[in-house]
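In what follows, a single structure is set out as structure tokens and then discussed.
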Amino acid sequence: MIDKCMATLEAAVADVFDGARVMIGGFGTAGMPDQLIEALIAHGARDLTIVNNNAGNGETGLAALLKAKRVRKIVCSFPRQSDSHHFDALYRAGEIELELVPQGNLAARIQAGGSGLGGIFTPTGYGTTLAEGKETRRIDGRDYVFELPIHADFALIKAHRGDRWGNLVYRKTARNFGPIMAMAAKTTIAQVGEIVPLGELDPEHIVTPGIFVQRVVATSIATAATARTA
Amino acid sequence: MKKLDRDQMAARVARDIPEGAYVNLGIGLPTLVANFLPADKEIFLQSENGLLGMGPAPAKGEEDPELINAGKQPVTLLTGGCFFHHADSFAMMRGGHLDICVLGAFQVSVTGDLANWHTGAPDAIPAVGGAMDLAIGAKKTFVMMDLLTKDGQSKLVRQCSYPVTGLACVSRVYTDLAVFDLDADGATVIERVDGLSLEELQHLTGLPLRAALTA
């Protein structure tokens with residue numbers, strides 16, 4: 001019997017290694033897998049390259065990972081926000097590398113990575129400083145910039161419900177990067193609000209097919225387990 | 001001469017959005033346009049974080065942290081609205097499926113280049129978000145901005161001095177003093193506030209401006 005469910009958050013992230021490239025889902029805090037990130041901080045992996053839309057908000061989640069100085073480089077579209085002070089301080093101190101990518105190019109490059117494509121020609125960014133030094137091509141009268149795919153060793157994502165085969169459904173705008181990051185990582189770890197019996201998710205409504213997901217961890221169960229061991 | 005206030009500018013933009021249009025309203029000033037869309041017409045608002053059929057802000061106490069707009073503010077979903085992931089969302093934009101995008105700007109050139117993502121200040125932390133995708137994605141990109149900076153510099157310019165977001169992408173600019181159509185040949189004034197002559201507008205902007213032919 002195939003069961004991708006992990007007993008604890010700790011076990012789910014236990015093999016994240018120093019120097020790993022890790023995608024983290026979420027747009028701001030919507031869809032950010034906070035509990036997997038907490039487990040990653042406790043696990044201790046460092047020198048990470050993180051792919052996320054932002055660079056942390058406030059004190060929790062990705063911001064806490066940055067504060068703990070575990071991140072060498074961040075690939076994102078919108079680092080600067082009113083509550084991104086941990087990123088801002090690291091950036092100004094020269095302690096973190098930033099690769100700034102337009103949001104739609106970030107999504108397309110991740111999707112290309114997950115789809116086995118060698119890159120994309122995108123009109124976004126053409127003629128701007130973010131396209132400097134990159135290959136360009138005119139196709140049917142329109143100008144495009146060549147962008148490489150983005151892959152990762154791990155993706156940490158948050159979904160609403162999942163089953164033991166790794167099928168996932170999301171909730172509202174928390175879906176954002178989850179489905180495409182799941183495709184683009186060697187090991188995708190989904191934090192879900194509830195694990196349901198196989199067959200309970202309507203096959204017509206499954207958003208991320210289980211083939212893209214290697215581990216599922218229910219946050220309610222894991223939280224209880226964490227509490228017991230604490 | 002009386003300048004339009006922010007609400008009047010938003011109402012003016014709203015008049016040009018037809019029923020059935022798929023529209024993305026950028027963060028900041030353009031968000032106000034939603035308040036002036038006629039309630040008896042169905043217009044689809046897209047938010048690039050992944051929803052179509054976006055409704056107004058929820059009542060106090062009904063906010064859902066997983067139902068937000070691109071500005072990370074709580075919103076609602078209209079009946080018939082839907083959710084989708086980021087690659088689909090930006091395919092709607094880049095693929096030319098969105099009819100209209102309304103954006104703010106630091107500067108717009110008379111041929112439609114847009115600068116709205118970075119001041120170019122050396123100590124600024126750069127952040128682009130969806131600005132470059134929005135600028136070049138929709139069938140029509142409108143800009144909404146004050147015509148002049150606080151110290152009187154025209155934001156409609158011959159050539160952008162700020163780093164550009166996209167080239168030749170803006171087709172219309174709504175300002176507090178006039179509305180302009182832009183194309184490869186330059187700017188055409190299609191409306192002016194009462195009491196402002198074309199000559200005064202040319203003086204304020206320092207630009208050669210054409211007046212639209214009126215019937």
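Numbers below:
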read-out: Which of A:170, A:126 has the fewest Cβ neighbours within 10 Å, and the rest in rising order; value: A:126, A:170
read-out: Inter-chain shielding of A:124-133 (mean C-beta neighbours from other protein chains, 10 Å cut-off); value: 6
read-out: Entries in B:72/B:140; A:134/B:139; A:134/A:158; A:67/B:155; A:69/A:158 that, when Cα-Cα distance is taken, lie over 28 Å; value: A:134/A:158; A:67/B:155
read-out: Peptides ranked, highest mean first, by Cβ atoms within 10 Å: ranges B:65-72, B:1-8, B:111-118; value: B:111-118, B:65-72, B:1-8
read-out: Environment charge at residue A:109 (Cβ cut-off 14 Å; Lys +1, Arg +1, Asp -1, Glu -1); value: 0
read-out: Relative contact order (percent, whole number), chain A, Cα cutoff 8 Å, 6+ residue spacing; value: 23 percent
read-out: Segment B:87-178: relative contact order in percent, alpha carbon pairs under 8 Å with at least 6 residues between; value: 40 percent
read-out: Packing-based ranking, highest mean first, of A:27-34, A:182-189, A:56-63 given that Cβ atoms within 10 Å are counted; value: A:27-34, A:182-189, A:56-63
read-out: Least to most buried among B:209, A:130, A:148 (fewest other Cβ within 10 Å first); value: A:148, B:209, A:130
read-out: Rg/Rg_ref, segment B:6-211, where Rg_ref = 2.2 N^0.38 Å and atoms are Cα; value: 1.04
read-out: Segment B:151-210 - Kirkwood radius from inverse mean 1/r over Cα pairs (Å); value: 12.3 Å
read-out: Dipole of segment B:6-211, positive end: most advanced residue of B:204, B:90, B:61 [Cβ charges, Cα centre]; value: B:204
read-out: Positive dipole terminus of chain B, leading residue within B:14, B:120, B:189 (C-beta point charges); value: B:189
read-out: Most mobile listed residue (A:54, A:167, A:105) in chain A, GNM with C-alpha springs under 10 Å; value: A:105
read-out: Nearest 10 degrees, 0 to 90: helix A:219-229 Cα axis against chain A principal axis; value: 60 degrees
read-out: Crossing angle, helix A:103-115 versus chain A [Cα axis fit, 0-90 degrees, rounded to tens]; value: 60 degrees
read-out: Within-10-Å neighbourhood charge of residue A:159 [Cβ basis; K, R +1; D, E -1]; value: +3
read-out: Mean separation of Cα contacts under 8 Å, 6 or more apart, over the residue count of segment B:6-211: relative contact order %; value: 18 percent
read-out: Residue exposure sequence - A:50, B:17 - by fewest surrounding Cβ within 10 Å; value: B:17, A:50
read-out: D (Stokes-Einstein, µm²/s), Kirkwood Cα radius, chain A, 1.306 mPa s at 10 °C; value: 88 µm²/s
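Read the figures in this text as sums done on the coordinates, not as results from a lab. Computed from a prediction, not measured in an experiment: that's the story for all the values here. In this analysis, Cβ positions are derived from the backbone assuming ideal geometry, glycine residues included, and neighbour counts consider all displayed protein chains.
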